[in-house]
Amino acid sequence: MTSKSSSQDQSSSDFSDELKPGTCLLHGQYVISQFLNNGGFGITYLAKDSLHRLVVIKECYPEAICRRDGDTVCARSRNHGEAYEKMVRLFVEEARNLARLSHPNIVGVHQVFEDNGTAYMALDYVDGLDLLELAERKDAIAPKALEGMVIKLLEAIEFIHSEGILHRDIAPDNILLRDNREPILIDFGAARETVTRATRYLGAIQAVKDGYSPQEFYVADADQFPSSDLYSLGASLYHVITREIPPNAQERLSAIAGGDPDPCKPLAGRETGHSETFLASI
């Protein structure tokens, strides 16, 4: 959803399974412009629609259980067939759920469709940096500006939760900022979490991000709550302010269970320019 090409400085030649530029989808309604990134569960592309507008296309591509034959995606083996079909079905379901989330701080879903033996989402193209890139630049985000972004993100997250959906993948690189510093939440992890629980073939793929994911994300079949997303947002803000990824939840839990101090040092009391109330809430 961002303007950066191969957002982790990965050239398309490093990943051979992506669709090539010029590939048409949905009878020519979308044309792939370039590969952006691969997340293990899907591949993201920059594309143009039939009106020559830039869009982002997310392809359902769980690489552990599928392969590409030409442009067509299929299960790696008969043993993976049921899991792969379930993945595609849940991807479509999740896209339809996300399409009804109309909010200025949540990425918009234009269309979901099936093609090439798999499923795709067409999403808003957001021209801007992500929060991680911005935080790592020398010109740090001003305290008041960050606090304003957080209010908008909390409102967006509250809206998501009111619709009965969890994001499950909040992290600095999944918060894009338009040129006016308007934050946009992208890349929901709900579908892949559902599939990870539902299929033994994908169980080996961790649906966690160390430092950002709460403890319950590490435990199979553990209940997840709105507070799970708030933990991830807090961890993301901790990283933005300190420029350090916080210790992962399992490390923290292990230390506390063993009677040792929490390795995640509190922000309150630090000279950061932010209010003590803001730091304490994180």
- Please note which strands (runs of 3 or more DSSP E) are completely contained in region 15-123 and include at least 1 residues that are touching a residue at least 24 places away in the same chain (Cβ under 8 Å), surrounded by fewer than 16 Cβ atoms within 10 Å (Cβ to Cβ) and of a type in the set (A, V, I, L, M). 54-60
- Residue by residue through region 169-190, note down the ones that are over 8 Å from the mean Cα position of the chain (by Cα), part of a loop (DSSP other than H, G, I, E, B) and at pLDDT 90 or above. 182
- Task: Of all residues in region 25-42, count the ones that are modelled with pLDDT of 95 or more and more than 15 Å from residue 114 (Cβ to Cβ).
- Result: 6
- Task: Output yes when any residue across region 133-156 is touching a residue at least 12 places away in the same chain (Cβ under 8 Å) and either assigned to a strand (DSSP E or B) or among the hydroxyl-bearing types (Ser, Thr, Tyr) (or both), and no when none is.
- Result: no
- Message: Please go through region 101-140 and give me each residue that is of a type in the set (D, E, K, R) and either at pLDDT below 90 or closer than 24 Å to residue 31 by Cα (or both), ordered by number.
- Response: 114, 115, 124, 127, 133, 136, 137, 138, 139
- Note on the structure: Note on region 255-280: residues assigned to a helix (DSSP H, G or I) and open to solvent by less than 80 Å² (accessible area, probe 1.4 Å) are 255, 278, 279, 280
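The values are calculated or read from the model by the stated rules, or taken from the named source; none is laboratory data. Only a predicted model underlies this, so the values are computations on that prediction, with no experimental measurement involved. We place every Cβ from the backbone using ideal geometry, glycine too, and count neighbours over all the protein chains shown. Accessible surface is based on the protein model in full, side chains and every heavy atom, while ligands, DNA and RNA are left aside. Shrake-Rupley method; radii C 1.70, N 1.55, O 1.52, S 1.80 Å.
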